[in-house]
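Chemist: Mind looking over this structure? Questions follow.
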Amino acid sequence: MKLCKEQLDFIPWFLNSEKRINVLTGHAGSGKSTTMKALKGKGKNILWCSYTHQAKNILSRFLGTQSTITLASALGLGPLPGGKFGPKYKNKVNFCDILVVDEASMINPEQLQ
C-alpha cells in the first residue's frame with residue numbers, strides 16, 4: 001500500500017520525537033497499522049505488541065514477522081502462584097527504542113494497575 005503525504009510526514013516526526021508517549025489515532029481502515037509498518041527497517045529497535053494473543057497473531061501476519069508479543073509479555077507479566085498475574089519475567093520495554101502497542105484501545109485501564 002502506498003502511503004499518503006500525512007503518513008510519510010508522520011514517520012520522521014515519530015522516529016525523532018523526544019516525547020516518551022506518542023499516539024496515532026484514526027478511524028478503522030485509515031492506515032494506522034500501515035503507517036506503523038513503514039517504521040520497519042528505519043534503524044530503531046521496535047518492540048511490536050498487541051493486547052491479546054489473537055491481535056498479536058494478526059499483527060505478526062500483517063508485519064510479516066514473528067517478532068510480535070503480547071503487552072503482558074512486553075511488561076514481563078505472567079501467571080503467579082495462587083492464580084494471580086503479575087511481574088514474572090524480564091521487562092522487555094526497557095530494551096527497545098520504540099514500543100508499538102497495536103489496538104491499544106482494547107486495553108482495560110484497571111488491568112494495567
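Chemist: Specify which of the listed residues (Lys90, Lys56) is touching a residue at least 12 places away in the same chain (Cβ under 8 Å) and either under 13 Å from the mean Cα position of the chain (by Cα) or on the phi > 0 side of the Ramachandran plot (or both).
Modeler: Within the list Lys90, Lys56, the selection yields Lys56.
Chemist: If Lys44 satisfies every condition in (1) modelled with pLDDT of 90 or more; (2) outside any helix (DSSP H, G or I) but one, which is the exception?
Modeler: Going through (1) modelled with pLDDT of 90 or more; (2) outside any helix (DSSP H, G or I) one by one, Lys44 breaks only (1).
Chemist: Tally the residues that are surrounded by 13 or more Cβ atoms within 10 Å (Cβ to Cβ) and either hydroxyl-bearing (Ser, Thr, Tyr) or under 18 Å from Val93 (Cβ atoms) (or both), restricting the search to region 45-62.
Modeler: 11
Chemist: Quick one: in region 9-22, which of the residues that are without any contact (Cβ under 8 Å) to a residue 12 or more places away in the chain and hydrophobic (A, V, I, L, M, F, W, C) is farthest from Val100 (Cα to Cα)? Break it down stepwise before answering.
Modeler: Looking only at region 9-22, we keep the residues that are without any contact (Cβ under 8 Å) to a residue 12 or more places away in the chain, and these are 9, 12-13, 16-22.
Narrowing further to those that are hydrophobic (A, V, I, L, M, F, W, C): 13, 21.
Numbers: Trp13: 15, Ile21: 10 Å.
Applying the filter and picking the extreme gives Trp13.
Chemist: Within region 63-74, track down each residue that is assigned to a loop (DSSP other than H, G, I, E, B) and either surrounded by 18 or more Cβ atoms within 10 Å (Cβ to Cβ) or over 14 Å from the mean Cα position of the chain (by Cα) (or both).
Modeler: Residue satisfying the conditions is Gly64 alone.
Chemist: Scan region 67-88 and tell me whether some residue there is within 22 Å of Pro12 (Cα to Cα) and in contact with a strand residue (DSSP E or B) (Cβ under 9 Å, 6 or more places away or on another chain).
Modeler: No, region 67-88 has no match at all.
Chemist: Can you find a residue in region 102-112 that is closer than 15 Å to Leu24 by Cβ, part of a helix (DSSP H, G or I), polar (S, T, N, Q) and more than 11 Å from the chain's Cα centre (by Cα)?
Modeler: For region 102-112, residues closer than 15 Å to Leu24 by Cβ, part of a helix (DSSP H, G or I), polar (S, T, N, Q) and more than 11 Å from the chain's Cα centre (by Cα): present.
Chemist: Give the residue, chosen from Thr25, Thr34, that is farther than 29 Å from Phe85 by Cα, assigned to a helix (DSSP H, G or I) and either of a type in the set (Ser, Thr, Tyr) or without any contact (Cβ under 8 Å) to a residue 60 or more places away in the chain (or both).
Modeler: Thr34
Chemist: Same structure, new question: For region 89-113, which positions are exposed (fewer than 12 other Cβ atoms within 10 Å of the Cβ) and charged (D, E, K, R)?
Modeler: Matches in region 89-113: Lys90, Asp97, Glu110.
The values are calculated or read from the model by the stated rules, or taken from the named source; none is laboratory data. Predicted model only: the values in this text are computed from it and were never measured. Using ideal geometry, Cβ is built from the backbone for each residue, glycine included, and neighbour counts are taken over all protein chains shown.
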